[in-house]
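Participant: One structure is given below, represented as structure tokens, and several questions about it will come after.
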Amino acid sequence: MFAEVNRHHDAHELIKQALTSQPNNLNLRAFYTWFLIQSNLPKLAKDFVFATLKDHDKHDLYSLCAAGWIQYHQARESRDPSPKGIEERRRGFQRSAEFYEKALHLDPMCAVAAQGLAIVTAE
């Protein structure tokens with residue numbers, strides 16, 4: 001409710017408190033990832049998603065799809081025209097595809113992963 005009335009700081013604090021009391025709750029972790037992305041905090045979202053995959057559940061479908069989206073978004077927004085920049089952008093798209101493929105391996109019917117993989121492939 002706080003976020004809906006532009007009190008994002010208060011909403012952020014409440015979610016962090018909830019995570020303190022339930023750090024292993026994957027639904028809460030998914031909501032926090034969504035909140036960070038919606039709040040235009042991609043660096044925090046990326047760190048949080050990778051921490052979820054590393055420390056909590058490397059097979060969490062939502063985190064895999066979120067990691068794929070974050071990698072795709074970073075690669076798409078990279079505008080470095082140098083050969084090194086172009087190579088880094090290509091690797092970002094590859095990493096994104098890998099996350100989506102892992103998600104599809106766990107759930108072949110995951111529409112988010114299938115659509116994400118299709119978009120990355122087209123890119």
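The values are calculated or read from the model by the stated rules, or taken from the named source; none is laboratory data. Just so you know, these numbers come straight off a predicted model, no measurement behind them. Positions of Cβ are backbone-derived with ideal geometry, glycine not excepted, and every protein chain shown enters the neighbour counts. SASA here: full protein model, heavy atoms, side chains in, ligands and nucleic acids out. Shrake-Rupley method; radii C 1.70, N 1.55, O 1.52, S 1.80 Å.
Matching residues to (1) touching a Lys or Arg at 6+ places or on another chain (Cβ under 6 Å); (2) within 21 Å of Thr33 (Cα to Cα); (3) touching a residue at least 40 places away in the same chain (Cβ under 8 Å):
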site: Asp57; (1), (2), (3): no, yes, no
site: Leu64; (1), (2), (3): yes, yes, yes
site: Arg79; (1), (2), (3): no, no, no
site: Glu87; (1), (2), (3): no, no, no
site: Leu106; (1), (2), (3): no, yes, yes
site: Glu123; (1), (2), (3): no, no, yes
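Participant: What residue, among those in region 57-73 that are open to solvent by 90 Å² or more (accessible area, probe 1.4 Å) and of a type outside the set (A, V, I, L, M, F, W, C), is nearest to Arg29 (Cα to Cα)?
Facilitator: Residues of region 57-73 open to solvent by 90 Å² or more (accessible area, probe 1.4 Å): 58-59, 62, 69.
Subset that is of a type outside the set (A, V, I, L, M, F, W, C): 58-59, 62.
On the way: Lys58: 13, His59: 14, Tyr62: 9 Å.
Among those residues, the one meeting the criterion is Tyr62.
Participant: Restricting the search to region 74-88, which residues are among the hydrophobic types (A, V, I, L, M, F, W, C) and either surrounded by fewer than 15 Cβ atoms within 10 Å (Cβ to Cβ) or closer than 18 Å to His105 by Cβ (or both)? Talk me through it step by step, then tell me what you get.
Facilitator: The initial filter retains those residues of region 74-88 that are among the hydrophobic types (A, V, I, L, M, F, W, C), namely 75, 86.
Result: Ile86, single match.
Participant: I'd like to know if region 22-40 contains one or more residues that are among the hydrophobic types (A, V, I, L, M, F, W, C), in a loop (DSSP other than H, G, I, E, B) and open to solvent by 60 Å² or more (accessible area, probe 1.4 Å). Reasoning before the result, please.
Facilitator: Narrowing region 22-40 to residues among the hydrophobic types (A, V, I, L, M, F, W, C): 26, 28, 30-31, 34-37.
Checking which are in a loop (DSSP other than H, G, I, E, B) leaves us with none.
Within region 22-40, none of the residues are among the hydrophobic types (A, V, I, L, M, F, W, C), in a loop (DSSP other than H, G, I, E, B) and open to solvent by 60 Å² or more (accessible area, probe 1.4 Å).
Participant: Considering (1) within 27 Å of His8 (Cβ to Cβ); (2) open to solvent by less than 30 Å² (accessible area, probe 1.4 Å), say which one Tyr100 fails and leave the rest.
Facilitator: That leaves (1) as the condition not met.
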